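*Asks:* Mind having a look at this structure? Questions to follow.
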Amino acid sequence: MLKLTNVEVVYSDVVLVLRGVSLEVPPGKIVALLGANGAGKTTTLRAISGLLRTQEGKVTRGSIEFDGQRIQHLPPEEIVRLGIVQVMEGRRLFRHLTVEENLVIGAVGRSGRNGVGNLAADLEQVYTYFPRLRDLRRRTSGFLSGGEQQMLVIGRALMAHPRLMMLDEPSLGLAPLIVDEIFSIVRQIRQESGVSILLVEQNARIALDVADYAYIMENGRVVLDGPSEQMAQNEDVKEFYLGLTQLGERKSYRDVKHYRRRKRWLG
């Protein structure tokens, strides 16, 4: 469904941020994109969704294809109409509007692709996935908790009838119980709707648990990829991203600082 081939991205015509990134998202699958801050994960999502131009960035090499159509030079609104929706980091909401008003706005982007459709049915579907939002539908969204806001931005994305939904750090700043609840719903959405999901996450444990396939990025490059179960057993991934030693014991910061070995993909 989505295919990136040797994509390079440059900011301000000077800074090379992505260095030949290649990845694929098959139909109906969850693909995780893992890596530390500054690895290039969010830039990859912005390259796909067409939002790079808002930060003086541009794709200078390679191709981004969706269903065989090159999209790297399309404006963001056309990319949304193709069925690609990005849920941005930071829970971006119209904070002065109610929960339900935010959800209704999410339906606007699909008008060029498959019509407005049955708005009431779509709202009911979102409320089925997120029952808490039904109770809060008249609440001003700026007064919601972090977890409730994260549910709302995912629900708003679903209102656009996405074929590919890109989630950028959905666990950021949330309590572990809320994170588990949200990812359980994400898994349910994939199973019931068939939407493909590209997930950017620093929480490698939960990302590998929910995803079918994973890529690891460092310094603008994909350095490792494979099925999630296989990646979870990789010694480098366990040590550097899951914080586990070869004996399965979680390392302390002091242990990591003094005893981390060199990653095998760096030679």
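The values are calculated or read from the model by the stated rules, or taken from the named source; none is laboratory data. In this text, all values refer to a predicted model and were calculated from it rather than measured experimentally. For neighbour counting, all protein chains shown are included, and Cβ atoms are generated from backbone atoms with ideal geometry for every residue, glycine included. Just the protein is used for accessible areas: all its heavy atoms, side chains included, with ligands, DNA and RNA removed. Shrake-Rupley method; radii C 1.70, N 1.55, O 1.52, S 1.80 Å.
*Asks:* Scan region 154-181 for residues that are open to solvent by less than 10 Å² (accessible area, probe 1.4 Å), farther than 19 Å from residue 36 by Cα and out of contact with any Ser or Thr (no Cβ under 6 Å at 6 or more places or on another chain) and report the count.
*Replies:* Qualifying residue count for the region: 6.
*Asks:* Additional query: Return the only residue of 218, 201, 181 being closer than 23 Å to residue 125 by Cβ and either touching a Pro at 6+ places or on another chain (Cβ under 6 Å) or of a type in the set (D, E, K, R) (or both).
*Replies:* 181
*Asks:* Take residue 92 and tell me if it is within 21 Å of residue 197 (Cβ to Cβ), open to solvent by 50 Å² or more (accessible area, probe 1.4 Å) and modelled with pLDDT under 90.
*Replies:* Yes.
*Asks:* Here is a follow-up. So for region 129-145 (the condition being part of a helix (DSSP H, G or I) and either within 27 Å of residue 26 (Cβ to Cβ) or of a type in the set (Ser, Thr, Tyr) (or both)), does at least one residue qualify?
*Replies:* The answer is yes; a qualifying residue exists.
*Asks:* From the list 163, 139, which one is of a type in the set (Lys, Arg) and farther than 19 Å from residue 44 by Cα?
*Replies:* Result of the check over 163, 139: 139.
*Asks:* Filter region 116-128 down to the residues that are assigned to a helix (DSSP H, G or I) and not aliphatic (A, V, I, L, M), then identify the one that is least open to solvent (accessible area, probe 1.4 Å).
*Replies:* 127
*Asks:* Considering only residues that are over 23 Å from residue 75 (Cβ atoms) and open to solvent by less than 10 Å² (accessible area, probe 1.4 Å), which ones fall in region 1-58?
*Replies:* 30, 31, 32, 33, 34, 35, 39
*Asks:* Could you count how many residues in region 127-156 are within 16 Å of residue 168 (Cβ to Cβ) and β-branched (Val, Ile, Thr)?
*Replies:* Residues that pass the stated criteria total 2.
*Asks:* Can you name the condition, by its number, that residue 193 falls short on among (1) modelled with pLDDT under 90; (2) over 30 Å from residue 118 (Cβ atoms)?
*Replies:* The number of the failed condition is (2).
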